[in-house]
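The values are calculated or read from the model by the stated rules, or taken from the named source; none is laboratory data. Quantities reported herein were computed from a predicted structural model and do not represent experimental measurements. Because the Cβ atoms are built from the backbone with ideal geometry, glycine has one as well, and the counts that use them run over all protein chains shown.
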Amino acid sequence: MSTNTEEQKAWAAVPAVAHIESQLATLQARRRALGDALSPDMARRKVYDEAARATVEGGDFPADIGKRAAKAYRDALEAESEVLGLRAGIDSLTAHLTYLKTTDGAELALTELGKSLMAFLAEVREHIPALEGARSAEEAIQVGNDATEAWKWLTAAVGRLKVLRAAQWNILRPLGDGKRLRELREKGHLEVAGLNPDDVPSDVLRSMTTGLYDVNYLVYLANIGTAWVPTSFDEVEAEAEEVADVGVPDDSVIDYSPRVSRIPEPPAPTRHGFERAPDIALK
């Protein structure tokens, strides 16, 4: 299970996933508690060896050696069966969990994560006015105490944005082409819907495409109104394609016909011969 708190919260909102994860945790704890168990044959052999050792040291060979060995075998068989049963259960539930997290469960988790992002950015917007336009800690100090406190809060909030985006990546990554998804992330499409790089300040675009967030990027993201969490690989791919198509005319015509220079009329004859032909600019 991931240690990302936002990812855990998103999956907890998907009932089927929450149930399987709970059951898996229980089975894994039971398996750890069993430790290493002897196989039935080894357990029975251990009884024989201990009886022989005791006899060598001066004791009597047990009269009930068969009963002891059989009990050791049965106990070890039960323990081995417990281990095998738990292992089968863990493998089966793990496979089903993977299925849930790569089908409808992923969409539900990403939807929940999107709600968390929106709630978080709404909270961010409450602290922005106090900055009064300050874009650094030094400028915030110059503005006053309220701006300084707002800058401190927003600095800490950058860390939560990183956790949210890491959770988004972890859930999205198994859903489609990993190489293509990285390309989309590096172009900023996992951050903002309808992204047009030409409309984004260079420092903001740098943060958006590298994941190196800072307070100014957080302020921009909270104010832009198009921050999002895509709910599937197909959705982010479609969004990127739609942005790429904007502004391209559907009926554009390119003239590939060869350019032909106009051939001038010959000069008219005069009394002294031919007049000088006018200069011609070839096109």
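A few remarks follow.
- Residue pairs whose Cβ atoms lie under 7 Å apart, sitting 6 or more positions apart in sequence or on different chains, and linking a residue in the stretch 123-139 that is without any contact (Cβ under 8 Å) to a residue 40 or more places away in the chain to a partner that is of a type in the set (G, A, S), are H127/A150; A130/A147; A130/A150; E132/A147; A134/A140; A134/A147.
- Residues in the stretch 221-237 that are more than 18 Å from the chain's Cα centre (by Cα) and surrounded by fewer than 19 Cβ atoms within 10 Å (Cβ to Cβ): 4 in all.
- Here P230, P249, P264, P278 are screened, and the one residue that is at pLDDT 95 or above, in a loop (DSSP other than H, G, I, E, B) and not acidic (D, E) is P230.
- Qualifying residue in the stretch 170-187 (condition: under 15 Å from L110 (Cα atoms), basic (K, R) and either in the same structural domain as G133 (by TED's automatic domain parsing) or exposed (fewer than 14 other Cβ atoms within 10 Å of the Cβ) (or both)): yes
- Qualifying residue in the stretch 126-147 (condition: surrounded by 14 or more Cβ atoms within 10 Å (Cβ to Cβ) and either touching a strand residue (DSSP E or B) at 6+ places or on another chain (Cβ under 8 Å) or assigned by TED's automatic domain parsing to the domain that holds Q23 (or both)): no
- Residues that are farther than 19 Å from A238 by Cα and touching a Ser or Thr at 6+ places or on another chain (Cβ under 9 Å) were ranked within the stretch 192-215; the one that is surrounded by the most Cβ atoms within 10 Å (Cβ to Cβ) is V215.
- Every pair of residues 6+ apart whose Cβ atoms lie under 7 Å, when the first sits in the stretch 64-75 and is free of Cβ contacts under 8 Å to residues at least 24 places away in the same chain while the second is small (G, A, S): I65/A51
- When the criteria are applied in full, D91 fails the requirement of being modelled with pLDDT under 95, within 30 Å of L172 (Cα to Cα) and of a type outside the set (A, V, I, L, M).
- Answer residue from the stretch 91-134, given it is of a type in the set (S, T, Y) and farther than 16 Å from S2 by Cα and is farthest from the chain's Cα centre (by Cα) among those: S92
- Enumeration of residues in the stretch 101-125 that are acidic (D, E) and either over 17 Å from L218 (Cα atoms) or assigned by TED's automatic domain parsing to the domain that holds V14 (or both): D104, E107, E112
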